[in-house]
Amino acid sequence: MRVNGVPMRAIWRDGARVAFIDQTRLPHRIAVVHADSVTLMAQAIASMQVRGAPLIGAAAAFGVALGAQRDASDEGLRAAVDALAATRPTAVNLQWALRQMQTRLTPLPVAERAAAAWVAAQQIADDDVATNAAIGQHGLELIRGLQPRSSRLNLLTHCNAGWLATVDGGTALAPVYAALDAGLDIHVWVDETRPRNQGAALTAWELGQHGVPHTVIADNAGGHLMQAGRVDAVIVGADRIAANGDVANKIGTYLKALAAHDCGIPFWVAAPVSTLDPLIADGVAGIPIETRHADEVHWLSGVDTTGRKRRVRITPEGSAALNPAFDVTPARLVSAIITESGAVPANREGVVSAIVGKGQRARANRDL
Ligand code: MRU
């Protein structure tokens, strides 16, 4: 996608290092960080310099490549995988990418592993871009089927599932960019997404970079806008989707799904097949939910009127705070899951058909 008009990915290889946009500095500064070790890559994921399920997966894959560069022995690889796996528990793309890397590398002689690791990580990154392009087109078909309540289409999104949350292209925002490219008159309501404000800081920034009309709203405003007929559909990403179609995504997603259901508004989840976790039968009961530090609730970060970075406390000293980072939206509230295999229903059959569709396409590509 574009940053000040220049095409850029969220992460890329830079020689023997991995470069990525530091998302903790946005929207006020565009800073690129270079990591040259597994430890730095793991820290970047844990501190959310890189975040968003697909990007976490790609970052972990590049992290393994950094590790293999230093020590490609079985023990070295295992240590790299363990360090990266321990960073964030909810986005299953992390484990998926680490599994892909291990499967590719362990059968190889140690001397060949470092080079192969870079190739495999790059392939995961490039596949993510192609996947998101397909999600964009499938989502565009759904958008075209909407009957807008006003002259312009109004979508609402939560958190950031745009290109910053992936290698490029985005998941929930891929159909938005496709709709813009197709000439549709589209506007996005952007939930601020407390406590880390990924909507206000990241989604608003990337939509602005691409000229997508958007309005940032307080998290609590969505239900009111839906009741008032000012939202045609809700579209969000996912960190993990269980076998029964339950969807884990950024905390607050469930409330938006409840409001959309009550108002008869489509609630779409856009995610790659690598976000599906068929090993978890029931998402509400089984998906692990990350609890992050209470300070993320106590403190807000931003810039003051002089542009200086400030961190301010908003809660009384002595008050406790709890910070669950994700929630699970039951499948019955999800109108469709938009994957690279197409839009599927949020149920067991839909999840299976998306996985099978992906496998069939991969086999067809190999046979060509
Ligand atoms: O805690 P984050 O910012 O990593 O959470 C991100 C989300 O919840 C996204 O909606 C999800 O990962 C999908 S990203 C394409």
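Residue check: is ALA68 surrounded by 21 or more Cβ atoms within 10 Å (Cβ to Cβ), within 13 Å of the ligand (Cβ to nearest atom) and among the aliphatic types (A, V, I, L, M)? Answer is no for this residue. Would you point out the residue of region 42-56, among those that are within 22 Å of ALA201 (Cβ to Cβ) and in a helix (DSSP H, G or I), that is nearest to the ligand (Cβ to nearest atom)? For region 42-56, the residue satisfying everything is ALA53. With respect to the conditions (1) more than 19 Å from the chain's Cα centre (by Cα); (2) within 13 Å of the ligand (Cβ to nearest atom); (3) among the polar types (S, T, N, Q), THR90 falls short on a single one, namely (1). Scanning region 23-34 turns up no residue that is surrounded by 17 or more Cβ atoms within 10 Å (Cβ to Cβ) and within 15 Å of ALA83 (Cβ to Cβ). Only one of (1) assigned to a loop (DSSP other than H, G, I, E, B); (2) more than 17 Å from the chain's Cα centre (by Cα); (3) in the same structural domain as GLY199 (by TED's automatic domain parsing) is not met by LEU155, so which one is it? The one condition LEU155 does not meet is (1).
Every condition in (1) closer than 19 Å to ASN160 by Cα; (2) within 16 Å of the ligand (Cβ to nearest atom) is met by ILE287 except one, and the failing one is (1).
Among the residues of region 255-284, those identified as touching a Leu at 6+ places or on another chain (Cβ under 8 Å), within 16 Å of ALA172 (Cα to Cα) and not aliphatic (A, V, I, L, M) are LYS256, PRO266, PHE267, TRP268.
Only one entry in GLU317, GLU296 is part of a loop (DSSP other than H, G, I, E, B) and charged (D, E, K, R), namely GLU317.
Within region 320-368, the set of residues being in contact (Cβ under 8 Å) with a residue 60 or more places away in the chain and part of a strand (DSSP E or B) comprises PRO324, PHE326, ASP327, VAL328, THR329, ALA336, ILE337, ILE338, THR339, GLY342, ALA343. Between LEU98, LEU108, the distinction of being away from the ligand (no atom under 15 Å from the Cβ), outside any helix (DSSP H, G or I), of a type in the set (A, V, I, L, M, F, W, C) and at pLDDT 95 or above belongs to LEU108 only. Inspection of region 244-258 identifies no residue that is away from the ligand (no atom under 16 Å from the Cβ) and within 24 Å of SER151 (Cα to Cα). Can you tell me which residue among ALA178, ALA172 is at pLDDT 95 or above, under 21 Å from LEU202 (Cα atoms) and part of a loop (DSSP other than H, G, I, E, B)? Exactly one of ALA178, ALA172 is at pLDDT 95 or above, under 21 Å from LEU202 (Cα atoms) and part of a loop (DSSP other than H, G, I, E, B), namely ALA172. For the criterion of being assigned by TED's automatic domain parsing to the domain that holds PRO109 and open to solvent by less than 10 Å² (accessible area, probe 1.4 Å), ALA42 fails.
The values are calculated or read from the model by the stated rules, or taken from the named source; none is laboratory data. Everything numeric in this text was worked out from a predicted model, so none of it was measured. Because the Cβ atoms are built from the backbone with ideal geometry, glycine has one as well, and the counts that use them run over all protein chains shown. Just so you know, the surface numbers come from the protein's heavy atoms only, side chains and all, with ligands and any DNA or RNA stripped out. Shrake-Rupley method; radii C 1.70, N 1.55, O 1.52, S 1.80 Å.
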